[in-house]
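We did not get these values from a lab; they are worked out from the coordinates using the rules stated. Everything numeric in this text was worked out from a predicted model, so none of it was measured. For neighbour counting, all protein chains shown are included, and Cβ atoms are generated from backbone atoms with ideal geometry for every residue, glycine included.
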Amino acid sequence: LIIEKGGIKVALIGLAHPDTSTLVKADEEVAKLEFADPVEAAKKWIEFLKAGKAEEGVPDVIIALTHIDSKQEKDGTITGKVEPLTHVEGLDGIISAHSHQTVYGKLNGMPIAQGYYNGRGLAILSIQLDKDNKVIGIEPRFDDLAAKVNDLVADEEALKDLEVFEEEA
């Protein structure tokens, strides 16, 4: 997916955890799926995007939206199965998941963020632009939504959808 925001094009590549086939309950639907190596999948899509093969054109930034785990130590060190992605040329940032951790920092120079779990936080990669609208950096951040739950405004459309789901359940 390529989104245009702030005068730039941001490409989003979805990547599953490398162990998905053994992490999820096996059933006939899952058995039909192929879970490719996320590093190889990222390289393939980056090549596609950089070659201008997407109808939206060449993106200015490529972000991996993943369900690949990361963890951040108290000293700021980030580890996890997300590490091999930090070496993929052309990738500009990673949104991590799976480990239900608060993560925001850089690993091997790659910005990484993970938003805790169950909507309690928001992983953010802020793209900085210069005066000519060229990307000059990407900074990972975390927004602690749980700490400001009383200040959040409900989305009316989402509440209607929730009501339908609750009635069906």
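Return a whole-number percent for the relative contact order of region 14-169, with Cα pairs under 8 Å and 6 or more residues apart as the contact set. Please report the intermediate quantities before stating the final value.
On the way: 258 pairs, mean separation 23.7, N = 156.
About 15 percent, as a whole number.
In terms of Cα to Cα distance under 28 Å, which lysines are near enough to Lys74, apart from those fewer than 8 places away along the same chain?
Lys106, Lys148
Note the listed values [x] 59, 32, 27; [y] 49, 43, 41; [z] 40, 34, 32, then indicate which one is Cα extents along the principal axes in Å calculated from this particular structure.
After the calculation, the listed value that fits is [y].
Could you tell me the relative contact order of region 55-141? Use alpha-carbon pairs under 8 Å, at least six residues apart, and round to a whole percent.
24
Take each of the peptides 157-169, 95-107, average the number of other beta-carbon atoms within 10 Å over its residues, and list them starting from the highest. Mind dumping the intermediate values first?
On the way: 157-169: 8.7, 95-107: 20.5.
Ranked by mean Cβ neighbours within 10 Å, highest first: 95-107, 157-169.
At a 10 angstrom cut-off on C-beta neighbours, averaged per residue, how do the peptides 56-63, 128-135 rank from highest to lowest? Don't jump to the answer; show the numbers that get you there.
Numbers: 56-63: 17.9, 128-135: 10.0.
My ranking of the peptides, most packed first, is 56-63, 128-135.
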